[in-house]
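Comments concern the structure below.
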Amino acid sequence: MDAASAWWRQIPGPRVFVASVANRILQSESMSLSVGSLPWISEFRTAVRNRVYATSSSAGLDLISGQEFSQQRLQDVLAARLGCLNPIMGPEELRAFLPQQGFTFWLYDLDPSTIRQAETLLTAIRRIGLPICLLIEYAEECQDVQGDLVTYTPSEMDLLYFALTLLMERQLDSTTEYAAHLVALLSDGNPVQLSKLTEQVDSCLTQPVTSCPWLTAQQCTQAVYHAQLRIILPVIETERLYLIGALASPLRKLLPFMDEYLGTYQEPAQLELRHLVYFARHGEIHLTPEEEQRLNLLYEARNQLSHLDILELPILQKILSCRHQADR
């Protein structure tokens with residue numbers, strides 16, 4: 001499935017939005033829809049239409065592009081679409097002609113003059129109570145529209161879910177979760193930009209600044225830093241607890257312990273990485289070469305993040321590639 005289909009059919013937030021628009025159509029509600037920020041608008045229309053038809057076999061829905069209004073009045077186009085050869089058919093005759101559930105015209109790619117025509121026609125339709133609804137697309141958010149303007153903004157969780165969906169097939173192994181958080185943050189809330197980042201995820205991981213021309217260098221750096229905080233800090237904490245668990249017996253013999261900041265530690269789990277480094281360097285605990293290398297790696301990484309520095313990708317990959325499971 002391509003990115004557009006995955007976004008509107010698999011990601012929870014967009015799917016709920018598709019369902020909400022379809023439900024309003026099924027309930028014969030006219031609406032004004034802001035689509036300026038909707039990604040893959042054609043796929044969105046298809047998803048809504050499929051949802052409507054899958055829910056009701058008698059639903060009346062017709063999508064009409066603004067290009068059809070270049071030579072004809074809006075009323076004439078709609079009448080022809082309904083099969084009414086006489087566009088001046090009276091309200092009662094038209095009511096008998098329409099499906100019982102009513103009929104919805106979805107109007108898109110409209111120029112400003114056609115939008116005004118549609119709004120005027122909608123007022124007339126409501127006045128005489130015909131079971132005809134109009135879904136009018138607005139490319140930009142407008143203050144002067146009839147009724148509520150239906151909008152949609154992707155949530156952070158939608159973007160992260162989308163990133164994970166697209167990246168799961170890339171076989172990034174240990175860096176998949178980090179890459180998903182990174183591209184979600186670098187996308188600046190835009191699913192289309194996010195999908196492009198997943199296609200070039202390797203360069204995005206190594207050179208995020210050049211991968212995201214829509215962001216400043218500072219914004220890119222902040223995105224990388226926040227992605228590392230979200231993924232690496234929990235891993236460092238898990239590894240700290242793993243090391244303490246492996247060294248619980250010798251550490252208990254050193255407690256209670258007061259450090260240089262006069263902090264007192266009664267239990268092994270309270271100890272920080274810097275305390276373990278101190279004990280190891282003073283020969284108070286004995287580590288295997290692998291444990292010592294791991295401890296120093298975690299300590300330096302934690303120290304860098306504490307000072308608002310980002311980790312180089314090789315260091316990050318080392319931490320992620322050999323992490324222990326929390327339940328060991």
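From the list Ile315, Ile310, the one residue that fits, being part of a loop (DSSP other than H, G, I, E, B), out of contact with any Gly (no Cβ under 9 Å at 6 or more places or on another chain), within 20 Å of Thr221 (Cβ to Cβ) and in contact (Cβ under 8 Å) with a residue 12 or more places away in the chain, is Ile310. Given (1) closer than 18 Å to Pro131 by Cα; (2) among the acidic types (Asp, Glu); (3) at pLDDT 85 or above, where does Asp109 come up short, assuming only one miss? Among (1) closer than 18 Å to Pro131 by Cα; (2) among the acidic types (Asp, Glu); (3) at pLDDT 85 or above, Asp109 violates only (1). I want to confirm something. Restricting to region 53-64 and keeping residues that are touching a Phe, Trp or Tyr at 6+ places or on another chain (Cβ under 8 Å) and open to solvent by 20 Å² or more (accessible area, probe 1.4 Å), which single residue is nearest to Asp109 (Cα to Cα)? Here the answer is Leu63. Determine whether Gln293 is open to solvent by 80 Å² or more (accessible area, probe 1.4 Å) and within 25 Å of Ile319 (Cβ to Cβ). So Gln293 passes the test.
Selection of region 284-328 for residues being modelled with pLDDT of 95 or more and among the hydroxyl-bearing types (Ser, Thr, Tyr) yields only Tyr299. Only one entry of Arg81, Arg127, Arg116 meets the criterion of being of a type in the set (D, E, K, R) and at pLDDT below 75, and that entry is Arg81. Figure legend. Inter-residue proximity from region 35-52: first residues open to solvent by 40 Å² or more (accessible area, probe 1.4 Å), second residues among the charged types (D, E, K, R), beta-carbon distance below 8 Å, spacing 6+ or different chains. Indicated pairs: Gly36/Glu140; Gly36/Glu141.
Of all residues in region 258-288, those being in contact with a strand residue (DSSP E or B) (Cβ under 6 Å, 6 or more places away or on another chain) and under 17 Å from Tyr299 (Cβ atoms) number 2.
The values are calculated or read from the model by the stated rules, or taken from the named source; none is laboratory data. Bear in mind the structure is a predicted one, so any value in this text is a computation, not a measurement. Neighbour counts are summed over all protein chains in view; Cβ atoms, including those assigned to glycine, are modelled from backbone coordinates with ideal geometry. Areas reflect the complete protein model, heavy atoms only, side chains present, ligands, DNA and RNA absent. Shrake-Rupley method; radii C 1.70, N 1.55, O 1.52, S 1.80 Å.
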